[in-house]
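Notes for the one structure printed next.
Read-outs: derived from the displayed coordinates by stated rules, not from any lab. Keep in mind that what you see is a predicted model, and the values were worked out from it rather than measured. Ideal geometry is used to build each Cβ from the backbone, glycine not excepted, and the neighbour counts take in all protein chains shown.
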Amino acid sequence: IDALCVAPLYVERTDYFTTFFELLKQQAEVTECRAVEEAFVPVIKMKFDDIEIDLLFASLSLKEIPDDFSLSDNNLLRNLDPRSVRSLNGCRVTDEILQLVPNVENFR
């Protein structure tokens, strides 16, 4: 499973790869947890209840993340660092493809 953690501007990448990473490692369900911080698209890789998960991170230029938040909003890309843009792009492209496919169930 590829997942994306979206945070407001005051949560920095260093927080994600230190504090949040340490919290994840303390969870009984989490095994094989490792941070790949210097990758082209930085990621935390882990198994959660034996399910492999790649967890990406993006800190947005927003004071808070609204409930009706949408990754398709191009304004989200403004003032983002390249790593956050790359983290967002995977989800954005997948969402766009699903919008263009006539029969999503057949596609999956």
Report the semi-axes of the equivalent ellipsoid for the stretch 2-107 in whole Å, largest first, where each axis is √(5λ) for an eigenvalue λ of the Cα gyration tensor. 24, 20, 12
For the chain, what is the calculated [θ] at 222 nm in deg cm²/dmol (nearest 500), taking -39500 (n - 2.57) for each run of four or more DSSP H residues and dividing by its residue count? -7500 deg cm²/dmol
Relative contact order (%) - criterion: Cα under 8 Å, at least six apart; region: the chain: 28
Quick check on packing: order 70-81, 15-26, 35-46, 52-63 by the mean number of other C-beta atoms within 10 Å, highest mean leading. 52-63, 35-46, 15-26, 70-81
